[in-house]
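Report on one structure; see the data block that follows.
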Amino acid sequence: MSRGDRKVGGYEPWSSSPKAVAEIRDVLVEFAATGALRLVLQQLTLHEDGREAGIHEEIDAIVDVGGNLVSMSMRDAVRADVGASTRLDAAISRLRAEVAADRGEKIDSLSVVLDADSRRVVLLGFDVDVSPQDVEGGASPDALHDGEHHIRHHAPTLEDLRDRMAGPEPGVLERALKAVRERWRRARG
């Protein structure tokens, strides 16, 4: 697909370097809650008056809390750890360099989505126009693909992932065996 064929504000999956994405994953997993279903990292280039005005970063974990999908920000914890922050920046820089070498064009959004079942997706956003005021205003712009965005737009996929990661429900025989073992433990004291 050429740049002219892509819709404005469009996102494309990119076949990325497994090494750079694995390095990002290794850093983020250190800070993720046990049982996290999805980790999301997005760096979104902000624009003001046609010029770049900084980078907005989201680092979130999506977890199941009592049957509800919940987004938990990990950004402050990751960035507070100097070693982890340095390793993450190095991995993101490698990934951006690979994108630049492969695509030869500037991206406005880089998203890395890491699922608990080892699925990894890198999404590139082109021609995304978001200002600093858009992200500071409280309402999430459509271009912001944080954990809340994933819950709103990908809940069925996340619920399926949660169910697959939980494993099969115990059968009748397993439940009966567990009950017998529990009674036996109580009787032994």
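The values are calculated or read from the model by the stated rules, or taken from the named source; none is laboratory data. Keep in mind the model is a prediction, meaning the values are calculated, not measured. Every residue, glycine as well, gets a Cβ built from its backbone with ideal geometry; the counts of neighbours run over all protein chains shown. SASA here: full protein model, heavy atoms, side chains in, ligands and nucleic acids out. Shrake-Rupley method; radii C 1.70, N 1.55, O 1.52, S 1.80 Å.
Given the conditions (1) part of a strand (DSSP E or B); (2) open to solvent by less than 20 Å² (accessible area, probe 1.4 Å); (3) among the β-branched types (Val, Ile, Thr), report the number of the one that Val21 does not fulfil.
(1)
Kindly indicate whether any position in the stretch 51-63 is assigned to a loop (DSSP other than H, G, I, E, B) and not aliphatic (A, V, I, L, M).
Taking the stretch 51-63 first, the residues assigned to a loop (DSSP other than H, G, I, E, B) are none.
No, the stretch 51-63 has no match at all.
Do we find a residue being of a type outside the set (A, V, I, L, M), farther than 27 Å from Ser131 by Cβ, modelled with pLDDT of 95 or more and open to solvent by less than 50 Å² (accessible area, probe 1.4 Å) anywhere in the stretch 75-88?
yes
For every residue, the table says whether it meets (1) modelled with pLDDT of 90 or more; (2) open to solvent by less than 70 Å² (accessible area, probe 1.4 Å); (3) in a helix (DSSP H, G or I).
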{"site": "Ile92", "(1), (2), (3)": "yes, yes, yes"}
{"site": "Ala97", "(1), (2), (3)": "yes, yes, yes"}
{"site": "Gln133", "(1), (2), (3)": "no, no, yes"}
{"site": "Pro141", "(1), (2), (3)": "no, yes, no"}
{"site": "Arg164", "(1), (2), (3)": "no, no, yes"}
{"site": "Pro168", "(1), (2), (3)": "no, no, no"}
{"site": "Arg186", "(1), (2), (3)": "no, no, yes"}
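Looking only at residues that are of a type in the set (Asp, Glu) and part of a loop (DSSP other than H, G, I, E, B) in the stretch 99-124, which one is least open to solvent (accessible area, probe 1.4 Å)? Can you show your working first?
The initial filter retains those residues of the stretch 99-124 that are of a type in the set (Asp, Glu), namely 102, 105, 108, 115, 117.
If we keep only those that are part of a loop (DSSP other than H, G, I, E, B) too, we end up with 105, 108, 117.
Values: Glu105: 41, Asp108: 20, Asp117: 55 Å².
By that ranking, first place goes to Asp108.
Looking at the stretch 37-57 only, could you name the residues that are open to solvent by less than 30 Å² (accessible area, probe 1.4 Å) and touching a helix residue (DSSP H, G or I) at 6+ places or on another chain (Cβ under 8 Å)?
Leu37, Arg38, Leu39, Val40, Leu41, Gln43, Leu44, Leu46, Glu57
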